[in-house]
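Inspection log for the structure reproduced underneath, given as structure tokens.
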Amino acid sequence: MSRHSTVVVVGGGVIGCAVAYYAARRGLDVTLVDMPKRGRATSASAGGLWPMGESVGLGCGVIFAKTQLAAGGGAVGHATGEPGRLPVSFLDFALQSRAMFGDLAEQLREDTGMDVELEHTSLLFLLYDSGDESYAQGLWNDYADQRSLLQWLTPAEVAEAEPAVTRRLYGALQFHGDDQINPYKLADALRAGARAHGATIIPHTEVTGIVRHGARVVGVQTADRTIECDVMVNAAGAWAAQIGQMAGVDIPVTPVRGQIVCTETLPETLNACLSTSDCYLAQKHHGEIIIGSTTEHAGFDSATTAAAAGSLAAGAVRAVPQLAQVRVKRVWSGLRPGSPDELPILGPVEDVPGYLNACGHFRTGILNAPLTGLALAELAAGEPASTPIEPFLLSRFQGSPSRTVLAHA
Amino acid sequence: MSRPAVWPLVVVGGGPAGVAAATEAARAGLRCLLLDEAPALGGQIYRQPPREFTVRDPRKLGRDYLRGRRLLGELSEAADRVEVRSGTSVLDIVDGPELVCASSGGGTSSVPAERVILATGAYDRPVPFPGWTLPGVLTAGGAQALVKTMRVQPGDRALVAGTGPLLMVVANQLHHAGVHVMAVLEAGRSAFTAGTARRAWRQWGLLGDGGRYRLGLRMAGIPVLYNHAVFEAHGDGELRSVTYGPVGAADWQPVRAQRHRVDVDLLVTGYGFVPSTELCVLAGCRTEYVDHLGGWVPVRDDTMQTTVAGIFAAGDGAGVAGSVAAVEEGRIAGITAAEQAGAISAAEAQRRRRVPLRRLRSLAGVRAALDEISRPRPGLCQLATDTTIMCRCEEVTCGEVREAVAEGARDLQAVKLLTRLGMGACQGRNCTPSTAALLAAETGHPAQQAGRINPRPPVRPVTLGTLAAGQEEAR
């Protein structure tokens with residue numbers, strides 16, 4: 001069985017669904033092939049939309065940095081116990097993507113009737129000690145351009161804004177615009193929206209091969225069919241390297257495990273999302289509090305460990321003491337699609353026409369889904385992307401200057 | 001008694017299988033640790049009234065109570081080699097094997113073991129029908145817990161419905177607790193036929209039990225309607241009445257044209273049991289789908305060892321077969337664990353296993369006959385309407401599950417991703433058996449193709465404070 005589709009998206013996580021949605025909205029003929037895998041990051045995600053927080057190393061970054069310090073140094077740049085910051089190009093991309101969510105949520109409601117539970121929470125970095133305080137001071141000094149998004153809170157102001165949070169604090173740094181969403185609903189709504197705009201979704205189907213004509217990608221194979229295409233988009237998350245290999249492209253994406261503890265449904269306990277050096281906490285629309293997350297290189301093993309659950313639980317109780325009495329519903333893990341420099345890998349690959357990357361989103365696939373979807377849809381349509389994607393091209397790892405090639409020009 | 005750093009044997013579960021396993025292992029000279037979630041040993045079936053209650057006439061509490069007392073008596077004779085930790089639940093089992101435990105006193109601990117016998121029991125199989133989540137609708141196990149442990153009368157006028165021998169037991173217990181039981185509705189046919197008797201001739205004891213319960217109902221004037229089921233429970237905030245009627249003999253399809261309505265304030269449903277296999281799965285044991293054993297069960301050899309060396313599974317948690325079989329399985333597992341540990345010779349182990357193996361074989365006949373009668377049939381799936389809740393934790397309706405199927409979901413994992421079914425506190429224990437049956441009915445594929453939702457730790461309830469306390473200890 002064979003058919004043709006202008007664009008074939010491989011991977012039905014939030015990135016694949018976003019690409020399919022924006023491409024279908026442009027009127028492109030799109031097919032999305034999806035095989036849900038254990039550990040897929042979209043399903044494991046906490047759903048934080050934290051462009052500032054993620055850029056400056058809060059969320060998982062600060063927790064990882066602390067564990068590295070405890071383990072005696074570890075990765076370069078983490079030896080001080082301070083998390084690494086991501087480049088300005090990433091912050092710009094993430095802020096732009098974050099800004100798309102308001103309209104996107106409305107549009108998805110119109111397209112599908114679904115609510116993605118976008119909530120304006122802000123993110124509070126809780127300052128436990130003088131080390132946290134000086135780190136926050138450094139952010140305040142260095143991110144003068146984003147000062148309008150930052151706000152210092154005294155311990156009394158934290159107590160007023162977040163009565164459930166511990167009083168044993170130096171204060172907090174608040175990031176306005178760092179909000180949250182329901183990640184599963186976002187992916188579901190994007191998938192349904194893509195379908196509403198005419199995309200074909202092939203669910204529960206493994207991609208078994210990529211058809212090439214010379215170097216050019218011309219089709220995608222599954223067990224029972226070949227879908228010919230002009231452009232194939234690799235949105236396979238932690239499995240992107242395997243799909244890349246089928247297309248003859250080396251993608252340096254590896255699974256990075258994150259474990260998460262989820263509480264039972266609670267009455268309103270937190271207003272903001274919280275980030276500490278032990279864990280982050282986000283109370284979801286549903287009432288559960290999600291407590292994340294570890295950063296581990298464990299291959300494709302999506303198991304969970306008692307040690308990680310214990311340490312996240314201890315971190316949560318330290319931040320919000322009343323959680324000690326709250327029941328744990330589940331502990332799970334997800335496999336983040338990690339790239340060597342923690343930046344996404346987007347766009348065309350030199351000498352492989354018909355192929356586009358939409359992978360390597362590491363911790364920020366949910367946050368960066370809208371802009372990735374839009375940019376990839378533009379590239380797939382043969383147009384220039386409306387946001388600079390040069391910093392995110394695969395060629396940055398190949399040591400050669402990047403050259404933007406329109407995929408099927 | 002000093003504690004070994006690594007226990008030669010840890011038994012999880014203090015019901016019939018677990019107690020029998022610990023008893024046999026200890027008799028053979030093996031030191032073992034028996035972990036049980038409840039405050040007192042006995043499991044669901046041999047559930048003991050709280051210590052504050054004085055039992056004046058043990059016969060009144062039934063033959064199971066007496067069997068339980070006898071088994072616990074055997075254990076106490078070997079007590080010097082068994083440490084019992086009550087109020088302890090096992091949250092996870094990790095490589096080693098090592099059991100992650102939480103005690104009711106607070107705090108978690110890690111228990112390393114050379115070998116483990118999982119005797120985790122089974123839970124009520126829920127069958128959704130309109131109104132099944134109303135207060136006043138109880139499962140057979142839930143109703144028994146109220147009557148047996150707390151001596152509470154859970155209602156005034158009751159209907160007991162479902163399938164299997166437990167219905168008769170529960171109806172008798174409710175009657176003795178002062179409840180007016182209107183009728184027992186058995187979806188299957190009567191177990192008292194010549195065919196059953198022929199296959200079960202060596203198990204007159206068990207059939208005798210059944211006969212006594214049946215006779216008890218007759219004396220109490222409680223009718224038993226075969227091939228009948230509950231169609232709907234009505235009430236506004238609490239149960240007021242129930243619609244019931246006949247079901248087709250072959251597939252239990254409801255015959256709605258012949259429905260009746262009766263006013264009751266208690267409805268007890270029992271459609272059999274589902275094995276608790278969460279720890280088996282977390283331990284990496286291979287499972288298979290065996291319809292008549294309650295669904296997914298660990299693959300075992302005749303010594304009750306799973307596919308993971310040193311990990312045994314016994315009793316209803318490894319396949320629902322009732323307490324009498326559970327005791328024999330537990331004995332076999334305990335003897336084999338002792339043999340593996342070198343406490344007894346292979347020849348001695350074989351000698352000790354002989355009697356329980358023979359009893360198991362003889363039980364198999366009556367079990368097969370009863371299983372065939374009370375195996376849930378696909379017609380039950382037709383009871384739920386689009387607005388009926390399938391997943392109570394996340395309030396996912398039958399209609400949403402059907403929509404997910406229409407969108408291409410073919411297994412539980414896919415339904416979960418689309419609907420949140422199984423994402424609640426029970427991890428899908430309560431909704432997945434009925435959803436798998438619904439998927440089978442909708443897709444025409446066998447229920448095992450629906451797969452399962454993989455259990456995640458903690459498999460038993462635990463607070464963040466307890467987990468955090470474990471972390472403090474580890475530091």
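The values are calculated or read from the model by the stated rules, or taken from the named source; none is laboratory data. Bear in mind that the values here come from a model prediction, so they are computed numbers and not experimental data. With ideal geometry, Cβ positions are generated from the backbone for all residues, glycine too; neighbour counts draw on all protein chains shown.
Structure notes:
- A Cβ distance below 6 Å, combined with a sequence gap of six or more or placement on separate chains, defines the contacts here; from the stretch B:234-250, residues that are touching a residue at least 40 places away in the same chain (Cβ under 8 Å) reach residues that are of a type in the set (D, E, K, R) in the pairs B:His234/B:Arg240; B:Leu239/B:Asp265.
- If you go through the stretch B:214-252 and keep only what is small (Gly, Ala, Ser) and assigned to a strand (DSSP E or B), you end up with B:Ala229, B:Ala233, B:Gly235, B:Ser241, B:Gly245.
- The one condition from (1) in contact with a Gly (Cβ under 7 Å, 6 or more places away or on another chain); (2) at pLDDT 95 or above that A:Ala44 does not meet is (2).
Each row is one residue, and each column tells you yes or no for (1) assigned to a helix (DSSP H, G or I); (2) over 21 Å from B:Pro246 (Cα atoms); (3) touching a Lys or Arg at 6+ places or on another chain (Cβ under 9 Å).
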| site | (1), (2), (3) |
| --- | --- |
| B:Arg352 | yes, yes, yes |
| B:Pro356 | yes, yes, yes |
| B:Cys381 | yes, no, no |
| B:Ala384 | no, no, no |
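- Test: B:Glu400 is out of contact with any Ser or Thr (no Cβ under 8 Å at 6 or more places or on another chain) and charged (D, E, K, R): no
- Taking the listed residues A:Ala313, A:Ala324, A:Ala307, the one that is within 12 Å of chain B (Cβ to nearest Cβ), closer than 23 Å to A:Pro83 by Cα and free of Cβ contacts under 8 Å to residues at least 12 places away in the same chain is A:Ala307, with no other qualifying.
- Single condition B:Pro457 does not satisfy, out of (1) in contact (Cβ under 8 Å) with a residue 24 or more places away in the chain; (2) more than 10 Å from chain A (Cβ to nearest Cβ): (2)
- Any hit, the stretch A:190-199, residues being at pLDDT below 95, within 14 Å of chain B (Cβ to nearest Cβ), within 30 Å of A:Arg109 (Cβ to Cβ) and part of a loop (DSSP other than H, G, I, E, B): no
- The condition (being without any contact (Cβ under 8 Å) to a residue 60 or more places away in the chain, crowded, with 21+ Cβ neighbours inside 10 Å and of a type outside the set (D, E, K, R)) is satisfied by just one residue among A:Ala172, A:Ala159, A:Ala144, A:Ala194: A:Ala172.
- Exactly one residue out of B:Val160, B:Val84, B:Val127 is surrounded by 21 or more Cβ atoms within 10 Å (Cβ to Cβ) and in a strand (DSSP E or B), and it is B:Val160.
- Scanning the stretch B:425-454 for residues that are modelled with pLDDT of 85 or more and facing another protein chain (nearest Cβ under 7 Å) yields one hit, B:Gln427.
- Residues of the stretch B:166-212 that turn out to be modelled with pLDDT of 85 or more and not hydrophobic (A, V, I, L, M, F, W, C), as a count: 9
- When the stretch B:15-52 is filtered for residues that are at pLDDT 95 or above and touching an Asp or Glu at 6+ places or on another chain (Cβ under 6 Å), the ones remaining, listed by number, are B:Ala17, B:Thr23, B:Leu33.
- Number of the exception - B:Val366 against (1) at pLDDT below 90; (2) part of a loop (DSSP other than H, G, I, E, B): (2)
- Count - residues of the stretch B:392-410 that are within 8 Å of chain A (Cβ to nearest Cβ) and farther than 20 Å from A:Met114 by Cβ: 1
- Qualifying residue in the stretch A:226-240 (condition: among the charged types (D, E, K, R) and assigned to a loop (DSSP other than H, G, I, E, B)): no
- Of residues in the stretch A:256-304 being hydrophobic (A, V, I, L, M, F, W, C) and in a loop (DSSP other than H, G, I, E, B), the one nearest to the other protein chains (Cβ to nearest Cβ): A:Ala303
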